[in-house]
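Just below is one structure, and these are the notes that go with it.
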Amino acid sequence: MLELRDVSKVYSPGSVNENCLFRHFSLSIPDSQFVSVVGSNGSGKTSMLNMLCGSIPVDEGQILMGSQDITKIKDFKRYRNIGRVYQNPAMGTCGSMTILENMSMADNKGKSFGITPGVNKRRIDEYRELLQKLGLGLEDKLHTPVGALSGGQRQAMALLMSTMTSIEFLILDEHTAALDPKTAELIMKLTDRLVREKHLTTLMVTHNLRYALEYGDRIIMLHEGHIVLDKAGEEKANLALDEILALFNQISIECGN
């Protein structure tokens with residue numbers, strides 16, 4: 001279970017730019033549920049992810065992972081159980097290091113680093129097998145710097161690396177937004193496969209409404225820090241794209257856009 005409980009967040013408190021984005025906001029995500037989050041710019045999507053991951057603190061309320069209250073736990077400790085993929089493919093990989101070195105670093109997440117070699121040669125065949133499943137030919141480029149890869153190849157690697165260790169939660173922050181349509185489709189299919197195979201509790205922020213409807217078990221729409229749509233299971237399956245667009249347009253008119 002991943003849970004935000006009665007959370008409040010105010011930006012620039014006490015200034016002329018004060019903005020209360022979340023006020024007593026609550027959200028519960030059951031184990032292994034794949035949730036798509038949509039909403040206009042400024043609705044609170046990325047801020048919600050940042051609160052969960054510990055990138056920004058909450059002013060009130062609690063954040064729970066399982067039965068553990070992690071509200072005051074530092075972000076680097078939270079990432080022992082969280083994998084996160086960002087919009088920019090470069091943020092999930094190190095461009096100056098080879099594919100092999102990147103995978104070795106990901107494989108050692110949460111472990112102590114000593115004076116042993118950074119690359120475990122006994123794991124190379126396993127890395128090749130993992131890369132082969134991507135269908136991008138990267139298994140034959142282990143010694144190629146990641147910076148020489150395309151954006152789609154880097155994002156596929158970032159997604160694979162984020163799920164190499166025994167994480168419980170996967171956070172996807174518009175991870176297909178910077179990709180061309182064909183590559184974005186590939187990344188979404190890879191995402192769905194990894195989530196299902198590893199039974200990951202997943203929260204995906206996206207501006208692609210088709211992906212939000214096609215993938216996952218649940219869809220949530222945020223507006224100004226509030227949930228204005230929450231459909232799961234059969235209700236989500238019966239939801240039409242036109243209904244989502246109509247709600248977007250209604251909100252835009254109410255906001256004067």
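Residue-by-condition table, conditions (1) out of contact with any strand residue (DSSP E or B) (no Cβ under 6 Å at 6 or more places or on another chain); (2) on the phi < 0 side of the Ramachandran plot:
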position: 193; (1), (2): yes, yes
position: 198; (1), (2): yes, yes
position: 201; (1), (2): no, yes
position: 225; (1), (2): no, no
For this session: Evaluate the following for residue 44: is it surrounded by 20 or more Cβ atoms within 10 Å (Cβ to Cβ), touching a helix residue (DSSP H, G or I) at 6+ places or on another chain (Cβ under 9 Å) and not β-branched (Val, Ile, Thr)?
Result: no
For this session: Please work out which residue is most open to solvent (accessible area, probe 1.4 Å), limiting yourself to the stretch 189-248 and to residues that are among the basic types (Lys, Arg) and farther than 28 Å from residue 9 by Cβ.
Result: 189
Exercise. If you take the residues in the stretch 1-19 that are in contact with a Gly (Cβ under 8 Å, 6 or more places away or on another chain) and under 12 Å from residue 62 (Cβ atoms), which one is surrounded by the fewest Cβ atoms within 10 Å (Cβ to Cβ)?
Worked result: 6
For this session: State which residue is most open to solvent (accessible area, probe 1.4 Å) when the search covers only the stretch 162-185 and only residues that are farther than 19 Å from residue 35 by Cα and either hydroxyl-bearing (Ser, Thr, Tyr) or touching a strand residue (DSSP E or B) at 6+ places or on another chain (Cβ under 8 Å) (or both).
Result: 166
Exercise. Out of the residues in the stretch 53-68 that are of a type outside the set (Ser, Thr, Tyr) and farther than 18 Å from residue 10 by Cβ, which is surrounded by the fewest Cβ atoms within 10 Å (Cβ to Cβ)?
Worked result: 68
For this session: Among the residues of the stretch 1-45, write down those that are aliphatic (A, V, I, L, M), more than 18 Å from residue 71 (Cβ to Cβ) and out of contact with any Phe, Trp or Tyr (no Cβ under 9 Å at 6 or more places or on another chain).
Result: 16, 35, 37
For this session: Kindly establish whether residue 22 is over 16 Å from residue 230 (Cα atoms), in contact with a Lys or Arg (Cβ under 9 Å, 6 or more places away or on another chain) and open to solvent by less than 10 Å² (accessible area, probe 1.4 Å).
Result: yes
For this session: Scan the stretch 119-135 for residues that are assigned to a loop (DSSP other than H, G, I, E, B) and among the basic types (Lys, Arg) and report the count.
Result: 1
Seminar exercise, completed: When the stretch 69-106 is checked residue by residue, the ones that are within 28 Å of residue 4 (Cβ to Cβ), open to solvent by 30 Å² or more (accessible area, probe 1.4 Å), among the aliphatic types (A, V, I, L, M) and part of a helix (DSSP H, G or I) are 91
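The values are calculated or read from the model by the stated rules, or taken from the named source; none is laboratory data. Quick caveat: nothing in here was measured; it's all calculated off a predicted structure. Using ideal geometry, Cβ is built from the backbone for each residue, glycine included, and neighbour counts are taken over all protein chains shown. Side chains included, ligands, DNA and RNA excluded: accessible areas come from the protein's heavy atoms. Shrake-Rupley method; radii C 1.70, N 1.55, O 1.52, S 1.80 Å.
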